[in-house]
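The values are calculated or read from the model by the stated rules, or taken from the named source; none is laboratory data. Every value quoted in this text rests on a predicted model; they were computed, and no experiment measured them. Note: ideal-geometry Cβ built from the backbone for every residue, glycine included; neighbour counts use all protein chains shown.
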Amino acid sequence: MPELKLPSAMADLRPALGEIVGLGSQRAPYFSALLSSRHGLTILVDNREEQVTERPPAAGTVLSAFDGATNFERAIGGFTREEIQKAARDFINGISFQRYMPEAQSEHRGDFVTPVQIDPMELSVQEKLDRCREVQRRVKGRDPRIVNVRVMYRELNEHTVFADPHADLAQRVQRVGMFVIVIVAGPAGDVRYDVLVKSGSAGWEVLSWSDEEIQSVVDGALALLSAERIEPGEYRIITAPGVSGTICHESFGHGVETDMFLKERARAAHFIDKVVGSPLVNIADDPSQPGSYGSYFFDDEGYMAAPTQIVENGVFRRGITDRYSAAALEIPRSANGRRQDYSRKAYARMSNTYFAPGTSRLEDMIAQVDQGIFLDKWSSGMEDPQGWGIQVTCHYGHEIKGGKITDRVFAPIGISGYVPDVLQSITAVSNKLHMDGGTCGKGHKEQVPVASGGPYLLLTARLG
Amino acid sequence: MLNQIVDALKQRSDLAGWTVRHVQTRGTQVYAVPQGIESQRAVDGERYLIDVLRNTSTAEGSPAMGSGDASLLPGDDINHAIDQATLVAGLVANPVHGLPGPAAFPDVPLCDADLQKDAYTVMQGVMERIRVAAVKHADVRLTAAECFGEIHTTHLVNSRGIDAEQESTQIDIEFVLHSQKGDRESETFDAMTRRRVADLGLEDVIEDHVRYTLDSLEADTPASWQGPVVLRDDALTIFMAGDNLNGSVIQTLASAASKYAGISPWEVGGPVFRGEVKGDSFTVWANRSMPFGSASDRFDAEGLPAQRVELIRENEFAAFAASQRYADYLQIPASGAFGNIELPAGKTSAAALLAEPHVEIVQFSWFNPDPITGDFATEIRFGYLVQNGKRKPFRGGQLVGNYMDALADVRWSAETGFFGTYLGPHTARFNELKIAGGSE
């Protein structure tokens, strides 16, 4: 069983948090302390060089005082006990708090650690580098048109301690990811690439690659050398799980972060208990999902992780919350109060967001499409919670003709449309769920690790 | 602690070179929602970043170089961190490269003097100006705003004798304006990063966004379009310089790292366009010495002084932007971090570039072309179809095309502007771009 392994300065400060919270609680209606350390490692191996770099750590303490109207915070780099104790005394002096009675909370105490089979913290850098080299070696000689193969390993180690009058919690969340990027050049010197990613809140056990997977990324890159631009228009499409997840993430993920309700930025606020999609559509956010890249045990506001059913059989049920928006809107909490790191405030943020699987078989779904597009891979997405417009860019897609996927490739492909129209058009949902890990911003900042996913979906959308 | 780290590094005979940076940040953050101030934060941070180089050898026995790094918080174990970085540096065998030596560091203006003195008061003032500018308009409401002000200090020392300091300020603001007419709602969002409050142009920016918010209430999905597309100000800045999630295509293809990796096909002296250049000839600089540029500095993370590098001259590729490592690999001059994008003034008045008909894109959802191929299919958040003396607002549709092909057929305005990461013509007319609309 992996251990908590708090950084030593954090472990030294933790026993003093009860006293610090007690000090703050004498004046503030609600007071909490968060110790947050996020550090990591990146290894890059390609045909021409290797790099091993530490991810610059973001480590610090957040003292929060909340009076129901304003959240006052003092964020201090590091975990120096005397400095934190002094800050706890000083920063709430001079603040005129409003009268506020925090909602009654149950007691939560415990230490939590991501279960891993091959613990990255137990492997040496040499061992990790050798594993990356081995993957790179397996890919690079597969075709003479390959000009480079990049294998990138990313490891993120998060340690969090949270204390308030009702909680004393600690967690170590271990996230890993590996990218295999194949870069090829055509006869005219045109460069194309394809990427394959594996990730999880897990250890190295999730980073193994079959020969078929490796060949698929080589084939994907080579196919892109003859890719065409798609004729803009409305198409029957089948989305691969990563594309399904991105649609989900940008529509009823960002669109139901309830801080956006508070800011009058989310159209979904007017659609609670109303139909927003086909009856086949079920969407959830679940930070407690085992192994997914966006998982955690408690959020940055000390709320214990649990699933939230967002859309149920096509009906929008509820959003995901941080403490502030839940209090202001007087709605139930969910465990989605997340920070980029100690230097930023908590917002309502997604964790693992996905379309739930249905009952259809992929082969049957493809057979239903006479003329359409199979969208293989996503590359980016952007939210529009107020306008409910959707932008998902796909790295490439294949033609479907006569119920079969052909070799004809289009790239890149943008999906656009009005979110309820897109969700209403879903006519089949496959029976297998797959999650993709990644990083999500709020607008153009506030990056947090998340996963999104789903099954294969059959729907209609505008492509360009 | 910096002196202790430097002393410890000087004791290491197993290192071929080292750099240490002491980075301190202090700042204030204000967040507003319709009900009032949601959050008020004071933030401090301090860390030491160590990079080391170590002589290694390839499997064939040729001389090679390894690099490693480590970060420390105040009070952390210095020798342990250096040991870790040294250990990692011993694991890899890259081509031999070095560190920059001492140089004259230009005195690039990077600070808002008022913010340096009192960030809290300055950012409260910025928030109040946003509120006052928005409240003038009864039919538009400010529903969210964020104002961050930070002061960054960096002290860099390396084994070749660089010992330099720089201080910079950074202001990040976001705001959301909302309007409603019957059942129709609209919003506009803007985010800006500048070094000085004076460069935000707050009142003018909010006036523009008030107009966009109100016009957005009347916006429909556009019909498909092929023809002139105009970008101005912020939209043009995002097109040219990217945003804080993505750099531009130029940043990727003009990078020595991309050249070394086989990603960039550009060759010095060769054309950057694959076809005929139908518009104005194209020249661009990567400029870290631009006064108050968001990506300006006196020196970068390696200690290379700020430079203004001509990347493309008259449609021909002129130079790669190269860190010391990739400069050594490719045997080219080191220019350091990329910096801001600068273009020369064009030859046509902005007024002439706005000749009808055209489509003006005011805001993209996220302009993110493929950084290598330059292909894009990006949703339009808001724009206008300008013809027959009318500006018809629209939302949605996708701008479809290729980045470098678009730059091969564009005319630039004679009037210029400064937009944080971009200095150059404030208006560009792309002569032949395609919009995939919601209806044919």
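Here B:LEU236 meets the list (1) more than 28 Å from B:PRO357 (Cα to Cα); (2) under 18 Å from the mean Cα position of the chain (by Cα); (3) among the hydrophobic types (A, V, I, L, M, F, W, C); (4) surrounded by 22 or more Cβ atoms within 10 Å (Cβ to Cβ) almost entirely, failing just condition (1).
For the stretch A:256-296, which positions are among the small types (Gly, Ala, Ser) and in a loop (DSSP other than H, G, I, E, B)?
Kept after step one, since they are among the small types (Gly, Ala, Ser), are these residues of the stretch A:256-296: A:266, A:268-269, A:277-278, A:284, A:288, A:291-292, A:294-295.
Passing the criteria: A:ALA266, A:GLY277, A:SER278, A:SER288, A:GLY291, A:SER292, A:GLY294, A:SER295.
When you look at A:ARG38, is it charged (D, E, K, R) and facing chain B (nearest Cβ under 9 Å), yes or no? No, not satisfied.
Restricting attention to the stretch B:313-334, which residues are in a loop (DSSP other than H, G, I, E, B) and surrounded by fewer than 19 Cβ atoms within 10 Å (Cβ to Cβ)? It would help to see each step written out before you state the result.
In the first step, residues of the stretch B:313-334 are kept if they are in a loop (DSSP other than H, G, I, E, B); the result is B:314-315, B:318-320, B:322-323, B:331-334.
Within the stretch B:313-334, B:GLU314, B:ASN315, B:ALA318, B:ALA319, B:GLN331, B:ILE332, B:PRO333 meet the criteria.
Any chance you could count how many residues in the stretch B:1-36 are within 28 Å of B:GLN124 (Cα to Cα) and without any contact (Cβ under 8 Å) to a residue 12 or more places away in the chain? Break it down into steps so the answer makes sense when it comes.
First pass over the stretch B:1-36, keeping only residues within 28 Å of B:GLN124 (Cα to Cα): B:23-36.
Remaining after also requiring without any contact (Cβ under 8 Å) to a residue 12 or more places away in the chain: B:35-36.
So the answer is 2.
Look at the stretch B:175-188: where a residue is touching a residue at least 40 places away in the same chain (Cβ under 8 Å) and a partner is assigned to a strand (DSSP E or B) and of a type in the set (Phe, Trp, Tyr), sitting 6+ places away or on another chain with Cβ atoms under 9 Å, you get B:PHE175/B:PHE189; B:LEU177/B:PHE189; B:THR188/B:PHE175; B:THR188/B:PHE382. Within the stretch B:133-244, which strands (runs of 3 or more DSSP E) (wholly inside it) include 2 or more residues that are touching a Phe, Trp or Tyr at 6+ places or on another chain (Cβ under 8 Å) and either at pLDDT 95 or above or more than 14 Å from chain A (Cβ to nearest Cβ) (or both)? So the answer is B:141-158, B:163-181, B:225-232. Taking the numbered list (1) without any contact (Cβ under 8 Å) to a residue 12 or more places away in the chain; (2) in a strand (DSSP E or B) in turn, A:LEU63 passes all entries but (1).
Tell me, yes or no, whether the stretch A:393-409 has at least one residue that is closer than 30 Å to B:HIS178 by Cα, within 14 Å of chain B (Cβ to nearest Cβ) and under 23 Å from the mean Cα position of the chain (by Cα). Yes, some residue in the stretch A:393-409 is closer than 30 Å to B:HIS178 by Cα, within 14 Å of chain B (Cβ to nearest Cβ) and under 23 Å from the mean Cα position of the chain (by Cα).
Which ones in the stretch B:257-272 are in a loop (DSSP other than H, G, I, E, B) and either of a type in the set (A, V, I, L, M) or within 12 Å of chain A (Cβ to nearest Cβ) (or both)? Outline the logic, then answer.
Taking the stretch B:257-272 first, the residues in a loop (DSSP other than H, G, I, E, B) are B:261-270, B:272.
Passing the criteria: B:ALA261, B:GLY262, B:ILE263, B:SER264, B:PRO265, B:TRP266, B:GLU267, B:VAL268, B:GLY270, B:VAL272.
Search the stretch A:365-386 for residues being outside any strand (DSSP E or B) and more than 22 Å from A:GLY277 (Cα to Cα), and hand back the single one that is nearest to the other protein chains (Cβ to nearest Cβ). Spell out the reasoning first.
So in the stretch A:365-386, the residues outside any strand (DSSP E or B) come out as A:365-370, A:383-386.
Those left that are additionally more than 22 Å from A:GLY277 (Cα to Cα): A:367, A:370.
Working: A:ALA367: 28, A:ASP370: 21 Å.
Looking at residues that are outside any strand (DSSP E or B) and more than 22 Å from A:GLY277 (Cα to Cα), I get A:ASP370.
Within the stretch A:135-164, restricting attention to residues that are touching a residue at least 40 places away in the same chain (Cβ under 8 Å) and not in a strand (DSSP E or B), the residue that is nearest to A:ASP190 (Cα to Cα) is A:ARG145.
What number of residues within the stretch B:396-440 are of a type in the set (A, V, I, L, M), assigned to a strand (DSSP E or B) and within 14 Å of chain A (Cβ to nearest Cβ)? Count: 5. Among the residues that make up the stretch A:81-88, is at least one of them within 25 Å of A:LEU156 (Cβ to Cβ) and either surrounded by fewer than 19 Cβ atoms within 10 Å (Cβ to Cβ) or within 12 Å of chain B (Cβ to nearest Cβ) (or both)? Yes: the stretch A:81-88 contains one or more residues that are within 25 Å of A:LEU156 (Cβ to Cβ) and either surrounded by fewer than 19 Cβ atoms within 10 Å (Cβ to Cβ) or within 12 Å of chain B (Cβ to nearest Cβ) (or both).
Scanning the stretch B:365-405 for residues that are touching a Lys or Arg at 6+ places or on another chain (Cβ under 6 Å) and under 22 Å from A:GLU383 (Cβ atoms) turns up B:SER365, B:PHE382, B:VAL400. Counting only residues that are in a strand (DSSP E or B) and either aromatic (Phe, Trp, Tyr) or under 15 Å from A:HIS398 (Cβ atoms) (or both), how many does the stretch A:229-255 have? Summing the residues that are in a strand (DSSP E or B) and either aromatic (Phe, Trp, Tyr) or under 15 Å from A:HIS398 (Cβ atoms) (or both) in the stretch A:229-255 gives 5. When A:PRO102, A:PRO115 are screened for being under 25 Å from A:ASP259 (Cα atoms) and in a loop (DSSP other than H, G, I, E, B), only A:PRO102 passes.
Put simply, of B:GLY275, B:GLY303, B:GLY279 the only residue that is out of contact with any Gly (no Cβ under 7 Å at 6 or more places or on another chain), in a loop (DSSP other than H, G, I, E, B) and under 18 Å from B:LEU343 (Cβ atoms) is B:GLY279. Pull up the stretch B:355-387, narrow it to residues that are touching an Asp or Glu at 6+ places or on another chain (Cβ under 7 Å) and surrounded by fewer than 20 Cβ atoms within 10 Å (Cβ to Cβ), then point me to the one that is nearest to B:PHE273 (Cα to Cα). Among them, the one singled out is B:VAL386. Restricting the first member to the stretch B:325-345 and to residues that are within 14 Å of chain A (Cβ to nearest Cβ), and the second to residues that are surrounded by fewer than 19 Cβ atoms within 10 Å (Cβ to Cβ) and part of a helix (DSSP H, G or I), the beta-carbon pairs closer than 6 Å and six or more apart or on different chains are B:TYR326/B:ALA257. Name the residues in the stretch A:162-200 that are touching a Pro at 6+ places or on another chain (Cβ under 7 Å) and either closer than 16 Å to A:SER210 by Cα or surrounded by 18 or more Cβ atoms within 10 Å (Cβ to Cβ) (or both), would you? Correct list: A:GLN174, A:ARG175, A:VAL176, A:VAL191. In this structure, is B:TYR403 aromatic (Phe, Trp, Tyr) and either buried (at least 24 other Cβ atoms within 10 Å of the Cβ) or outside the structural domain of B:SER255 (by TED's automatic domain parsing) (or both)? No: the conditions fail for B:TYR403. Only a single item in (1) hydroxyl-bearing (Ser, Thr, Tyr); (2) under 21 Å from A:ASP376 (Cβ atoms); (3) in contact (Cβ under 8 Å) with a residue 24 or more places away in the chain is not met by A:SER201, and it is number (2).
Criterion applied to B:VAL249, B:VAL272, B:VAL229, B:VAL309 was being in contact (Cβ under 8 Å) with a residue 40 or more places away in the chain, touching a Lys or Arg at 6+ places or on another chain (Cβ under 9 Å), surrounded by 20 or more Cβ atoms within 10 Å (Cβ to Cβ) and not polar (S, T, N, Q), and the one residue passing it is B:VAL229.
Residue pairs whose Cβ atoms lie under 7 Å apart, separated by 6 or more positions or on different chains, with the first residue in the stretch A:371-398 and outside the structural domain of A:SER244 (by TED's automatic domain parsing) and the second surrounded by fewer than 24 Cβ atoms within 10 Å (Cβ to Cβ), do not occur. Here is a check on your reading of the model: is A:ASP46 without any contact (Cβ under 8 Å) to a residue 24 or more places away in the chain, within 11 Å of chain B (Cβ to nearest Cβ) and over 15 Å from A:PRO7 (Cβ atoms)? So A:ASP46 does not fit the description; no.
Mind checking which strands (runs of 3 or more DSSP E) fall wholly inside the stretch B:1-116 and carry at least 1 residues that are facing chain A (nearest Cβ under 8 Å), of a type in the set (D, E, K, R) and in contact with a Phe, Trp or Tyr (Cβ under 6 Å, 6 or more places away or on another chain)?
Values: elements: B:17-33, B:36-57, B:63-72.
Ranges flagged: B:36-57.
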